[in-house]
Amino acid sequence: MTDTAGPTDTPTDPGAGTDAAGVLRPPAEQAFADELAALERLDDRPRPPKWRLSPWAVTTYLLGGTLSDGTVVTPKYVGARRLVEVAVASLATDRALLLLGVPGTAKTWVGEHLAAAVSGSSRLVVQGTAGTAEESIRYGWNYARLLADGPSRDALVPSPVMRAMQAGRLVRVEELTRIPADVQDALITILSEKTLPVPELDTEVQAVQGFNVIATANNRDKGVNDLSSALKRRFTTVVLPLPATLSEEADIVRRRVASLGAALRLPADLEHLAEVERVVTVFRELRSGVTADQRTSLKSPSATLSTAEAISVMTNGLALAAHFGDGRVGADDVAAGLVSAVVKDPVQDRIVWQEYLETVVKDRREWSDLYRACRDLDPA
Amino acid sequence: MTVHVLGVRHHGPGSARSVVLALEEVRPATLVVEGPPELDAVVPLLADAATVPPVAGLVYDVAAPRRSLFYPLADFSPEWVAIRWALSRGVPVRFADLAGRHLLAPEPATGDTDDEAAGRLPFGEAEEPGTTAPDQSADGPEAPGSEESPDGSGAPEVADADVRQDVVAVLARTAGYADPERWWEDAVEQRHADVLARFAHLRDAIAAVRAADPALSDAHNDRREASMRTVLRDVLDAGDVAVVCGAFHAPALDPRGFPSAAADARLLRGLPRTKVAATWVPWTSARLAASSGYGAGVEAPGWYRHLFETWSTGDALPDPRARDHDVASSWLVRVARALREEGLPAPPASVVDAVRLAESLAAVRGRPAVGLDELTDATRGVLTEGADLPLAVVHRRLVVGEEIGEVPAATPMVPLAADLAARQRSLRLKPTATSSTTTLDLRTDNGRARSVLLHRLRALGVPWGTPADDTRTLGTFKEVWELEWQPELAVAVVDASRYGATVLDATEARVAERAREAEGLAELGRLVETCLVADLPVALGAVVDTLAEATAHQHDLRVLLETVEPLARTVRYGDVRRTDSGRVGALLTTVLARARVGLRAGCQALDDDLATRTRIALESAHRGVALLADPQRSEPWFRALAGLVADGSVHGTVDGRAVRLLHDAGRVDTGDVAARMSRRLSLAGDPADGAAWLESFLGGEAVLLHDHALLEVVDGWVSGIGDDVFADLLPVLRRTFSGFGVAERRRIGAQLAGASRTGETVREVDDDRALPAVLAVARMLGLEVAS
Ligand SMILES: Nc1ncnc2c1ncn2[C@@H]1O[C@H](COP(=O)(O)OP(=O)(O)O)[C@@H](O)[C@H]1O
Ligand SMILES: [Mg+2]
């Protein structure tokens, strides 16, 4: 048995797994084991039952800071402090947390880190899809056992949710709105009663303290399987926004690319990530449909062009530069990634991209290398 | 005789509560409140049951009412609760501060100009537009060193003023508190069981602050405190005194440290003076929240009111934690009710969760108790499902509040209000609280006078009436107005009173000011119209001057074009209103000439948005020219349009419209139009441009398509473009054609069907296939049919 139902979820950490050595991305509690241990050691504030850290320390873990012994905690989430505080405070009052936002706004990422910091493990997770069945939220049966011995505790296969209830941990439910409405309903009882009845055994599983749910949902999915108001009421909703400014977004990309590069042992010159600004500018301009100077309106492509994708473009560029170039990421290294991030629909998006290339990129004198690199890819 | 100095935070609900407790204990013979002594005369009005806070004391210069000071009082202001306490017990109330007659006196040519009137106010707002330096609002420290402050930079000056204004907030910040009220609670209230000891300790703390930095006080502050002491000396003989003043002044008002009366008198000798009047005016929570003026702004009056009310009723709760819980939960109950009225579910169970979340959040943030920040975050997370939009309602209705104060009928009126009331009487135009419609006949004197009054008030920012049909006000003898007198308008009148003592003077001054501040020609053009309908001869001169100058510097074609129509309307209808519009005419000629000359150059290389703006501007200018019905002006205009369409490179949107305008005026014939159209719609050209041209050319009326030749060009083009291009253009085409009426569209359809048939002559008729149709028609016509 694995901890997960459905495909294993990792935050869309672009570039993970592309490393020649094939290093898989370790879960947050391993990747940041040192930081968590230091926080745990120095944390003298009250901890809610079963919490590994105090709410204050969880907040520090997510937002970063320097501890009294000099340990530097890296920021995991870059954005408004308020959002993280609300998320942590909600978990501390036993209220489930719903992280809402467009794709690539770090919902999964934040959820994983919260689970790691609060429960010491981020691996109890249900990946929501249209095919997610009730068993992944309640429990299933081991049919061989069931047939041989009849219904019994041993034949019961607990879902990640049930395991979290028993262990007093956090369980993550990814992409909640993709889960069919009737399956979603199974969560209502769990969240309101904190019990999970097992009528077949005439018993029920009681959640022990420390149990809670972190769900994520894409607010562009609206109308797919909109949450019922009964379910919504059980959650504290925290909307994760797209980064407000260019510099904020570039900062996120730079940090993530640097740490991914380090994890992938890419011997790149991280000082020279100037390309980040350009990639992020392209993303933001196309996303918002207007150039940074607000002068020219643009068509937007069908792609989301999230921060996560900008990270992916940059990480790929870093890999290219490291393996085939001089280690410095240049226009040539990001062009291909950029084009494939923008052009998702071969017809419409291509037109959008060409227009952007010819009317915006071309006119920026200091962007001529990028213009050339993109043209070379696609001399249409 | 003891003086009990109750240093407070202006508009601080915590201070207000402490003040009441202190007064109960002291039971003073006289109450002294920080504020200009001119308010003494009107203070009894505050005891009137018809006085409903928020209200503001208003002191103004009689000769120039624009020079005025406002002293807002909310029901949670310590000054208000103290005054009400005294009045209800027959305890005399005296205001003590530098008198308004000095504060408002025009600055002598020399002297210390670094402290502007606004910066010196105790807790009032100064309104002296036009007479003071731009940094007077003191919340604009962005221009350090640009002013004449002797110590070189403006920034420390502002910081000192901040300290004087709200020393409590500064102390709170230093102690790590975001919310000064919270600090008051913890550091003042909780620390000392004895209420008088609280004020004494605070006074000592501030004395230490002031001793450490004597520069915090300046000459102006010294004069103010000397004035306060002078009043204190005056009332000391009558028994114990309680003084409610800004905490900063507390150390200076302790009689043990008084300088000699002579020293104070010296400080106050020879100050400039002017004649002032004082009254009360209704105020609103929104105005309390506005951070206009110096320091009087409270960010969240509604929240403060809530604190004050909950605290006053919750004094029974001995445990401060229980009281905090009470503050949070009763607030969120109110929030939930407001949200429910907006159609959100906000069920009670969620309110409970929101309270817990807010408390947990305060703990995460390491704050001693839940504050407005936590409550707002909890509201967003639990009650509005993450949405910000409903929070705007909460902000407006609860955090700020929608209270409107009232003053009793006996209250002296500001001159402008008195003038307005007189005019309303003489024109028999009574304010009503509900909306009503009035039709005015401009041929009668009374009709015109009413119209002028309503237009003036609108221009003055007192929108009592709204024209029912904005576009036609100039052209006809009839004017329809929606009239509704809302209580806020009383404040608007007071606000406007800084522009003048009569409706006419104030409006002239206001419009002249707007002309100076106007952002562009188009706005100035509208102001010209305003001057006309509101009959403002003085302002008209000022506006036309500004306009003439702005025109000379204006190079943007669109702006020039947009100016034409309002000016033309002014010229055209000026005589209806019996106004002299001669200078406007001359200006119009200049604007038109410059627009004509720049027409072609200004239409080059337009993107879609700019082209659309240009088209709209062109149409408006054309309407203006047509309105004038003056060949001297229209001939050159048409020549300019012809020049424009001769240039093949102009954006389709602009060119299409220009061709249409010329066609409608009979300047180009249909054959010419067809040729142009076919050039534009030629398949080699950009189909998007073609579609834009077509949309712009046809714009609104399909009349032209009745012309066979034109229709054929369009038809040929539409059937000639490729399928995918057609799909792209479909939205534009649909838009173009859906602008026509149904009947119109049907006619075009029929015509097209007909057109395609006329091409081929029908030679043979298939009788069998035609028969059913023929029979049906025959039956419809009621003919006998032999079957
Ligand atoms: N504000 C942010 N702070 C830190 N990382 C961010 C931020 N926004 C996006 N990211 C990065 O983007 C990537 C994608 O995040 P993910 O959690 O998969 O997005 P989502 O679940 O919202 O679709 C992660 O690697 C994350 O580090
Ligand atoms: Mg995700």
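The numbers here are math on the coordinates, done by the rules we state, and not lab data. Given the structure is predicted, the values throughout are model-derived calculations rather than measurements. Neighbour counts are summed over all protein chains in view; Cβ atoms, including those assigned to glycine, are modelled from backbone coordinates with ideal geometry.
Per residue, what volume in Å³ does the Cα convex hull of the protein assembly as shown take up?
On the way: hull volume 334.1 nm³, N = 1167.
With only Cα atoms used, the protein assembly as shown gives 286 Å³ per residue.
Roughly how many Å is it from the Cα centre of region B:241-270 to that of region A:299-356, as a whole number?
Cα centres, region B:241-270 to region A:299-356: 72 Å.
Taking amide H atoms as placed 1.01 Å from N in the peptide plane, list the residues 5 or more away in sequence, or in a different chain, whose amide H sits under 5 Å from that of residue B:32.
B:94, B:242, B:243, B:244
Near the amide H of residue B:56, under 5 Å away, which other amide H atoms are found, from residues 5 or more places off or on another chain, if H is placed in the peptide plane?
So residue B:56 has HN proximity to B:73, B:281, B:283.
Specify the inter-centroid distance of region B:415-464 and region A:194-259, based on alpha-carbon positions, in whole Å.
59
Within straight cross-link reach of residue A:50, meaning Cα distance under 20 Å, which lysines are found once same-chain residues fewer than 8 apart are removed?
Hits, sequence-local ones excluded: A:194.
Taking the convex hull of the alpha carbon atoms in region B:566-753, what volume per residue do you get, in Å³? Before the final figure, lay out each step's value.
Numbers: hull volume 23.5 nm³, N = 188.
Per residue, the Cα convex hull of region B:566-753 comes to 125 Å³.
What does the net charge come to around residue B:35 if you take all other residues with beta carbon closer than 12 Å to its beta carbon, with K and R at +1 and D and E at -1?
Local net charge: -3.
Nearest 0.05, what FRET efficiency do residue B:616 and residue B:89 give at R0 = 56 Å with Cβ-Cβ as r?
0.25
How much FRET efficiency would the formula 1/(1 + (r/R0)^6) give for residue B:768 and residue B:746, where r is the Cβ-Cβ distance and R0 is 35 Å, rounded to 0.05? Don't skip to the answer; put the middle values down first.
On the way: r = 30 Å, r/R0 = 0.85.
Calculated value: 0.75.
Can you tell me which of A:333, A:363, A:251 moves the most in a GNM of chain A? Springs connect C-alpha atoms under 10 Å apart.
Fluctuation is largest for A:363.
With a point put 7 Å past each Cα toward its Cβ, work out how far residue A:323 is from residue B:178 in nm, to one decimal.
Taking the two extended label points, one gets 4.7 nm.
For residue A:63, what is the net charge nearby, where nearby means another residue's Cβ is under 13 Å from its Cβ and Lys, Arg count +1, Asp, Glu -1?
Details: positive: A:76, A:81, A:82, A:255, B:365; negative: A:35, A:85.
Here the charged neighbours net out to +3.
Across region B:545-554, in residue order, what do the Karplus-derived ³J(HN,Hα) couplings come to in whole Hz, using 6.51 cos²θ - 1.76 cosθ + 1.60 with θ = phi - 60° and x for Gly and Pro?
3J(HN,Hα) across region B:545-554, in whole Hz: 4, 4, 5, 4, 5, 5, 4, 4, 9, 8.
Looking only at A:61, A:77, A:356, which one moves most when chain A is put into a Gaussian network model with springs between Cα atoms under 10 Å?
Of A:61, A:77, A:356, the Gaussian network model singles out A:356 as fluctuating most.
Suppose the chain between residue B:605 and residue B:679 were pulled fully straight at 0.36 nm per residue; how much longer would it get relative to their current alpha carbon spacing?
Length gained, residue B:605 through residue B:679: 24.8 nm.
Please give the Cα centre distance for region A:67-109 versus region A:120-190, rounded to the nearest Å.
For region A:67-109 versus region A:120-190, the Cα centre distance is 25 Å.
Using θ = phi - 60° and the Karplus form 6.51 cos²θ - 1.76 cosθ + 1.60, what ³J(HN,Hα) does each residue of region B:208-219 get, whole Hz, x for Gly and Pro?
Going residue by residue, I get 5, 4, 5, 5, 6, 9, x, 5, 4, 9, 10, 4 Hz, with x marking Gly and Pro.
Once you have the Cα-Cα distance between residue A:69 and residue A:262, take 0.36 nm times their residue separation minus that, and quote the gain in nm to one decimal.
Difference between extended and current length: 67.0 nm.
With each label point set 7 Å from Cα along the Cα-Cβ vector, what nm distance links residue B:545 and residue A:347?
Going from the residue B:545 label point to the residue A:347 one covers 6.4 nm.
Around residue A:198, which amide H atoms from residues at least 5 apart in sequence, or from another chain, sit under 5 Å from its own amide H, with H modelled in the peptide plane?
Answer set, sorted by chain and number: A:203, A:204, A:205.
When only alpha-carbon atoms are used, what values of Rg and Dmax, in angstrom, describe region A:28-239?
Over region A:28-239's Cα set, Rg and Dmax evaluate to 17.8, 59 Å.
Pairs of Cα atoms under 8 Å, at least six residues apart: use those to get the relative contact order of region B:302-400, whole percent. Provide the component values of the computation, followed by the final result.
Numbers: 96 pairs, mean separation 30.4, N = 99.
Dividing the mean separation by the residue count of region B:302-400 yields 31 percent.
Sort largest first and round to whole Å: the equivalent ellipsoid semi-axes of chain A, each the square root of five times a Cα gyration tensor eigenvalue.
Ellipsoid semi-axes (Å, largest first): 41, 24, 19.
Quick one: Karplus J couplings for region B:169-180, per residue in order, coefficients 6.51, -1.76, 1.60, θ = phi - 60°, nearest Hz, x for Gly and Pro?
Taking θ as phi minus 60°, the curve returns 4, 5, 4, 4, 4, 4, 7, x, 9, 6, 10, x Hz for region B:169-180.
Starting from the 7 Å offset along Cα-to-Cβ, what nm value, one decimal, do you get for the label separation of residue B:723 and residue B:630?
Distance between the two pseudo-spin positions: 5.9 nm.
Counting other beta carbons within 10 Å of each residue's own, what order do A:76, A:194 fall into, fewest first?
With the fewest neighbours first, A:76, A:194 line up as A:194, A:76.
Working from the pairwise distances between different alpha carbons, so that the mean of 1/r is found and then inverted, what is region A:297-369's Kirkwood radius in Å?
13.0
How much length is gained on full extension from residue B:712 to residue B:211, taking 0.36 nm per residue of separation minus their Cα-Cα distance?
Going from the current span to full extension adds 171.1 nm.
For chain A, modelled as a GNM with alpha-carbon contacts under 10 angstrom, which of A:184, A:294, A:206 fluctuates the most?
Comparing A:184, A:294, A:206 in the GNM, the peak value goes to A:294.
What are the radius of gyration and Dmax of region A:246-377, computed over its Cα atoms and given in Å?
14.0, 41
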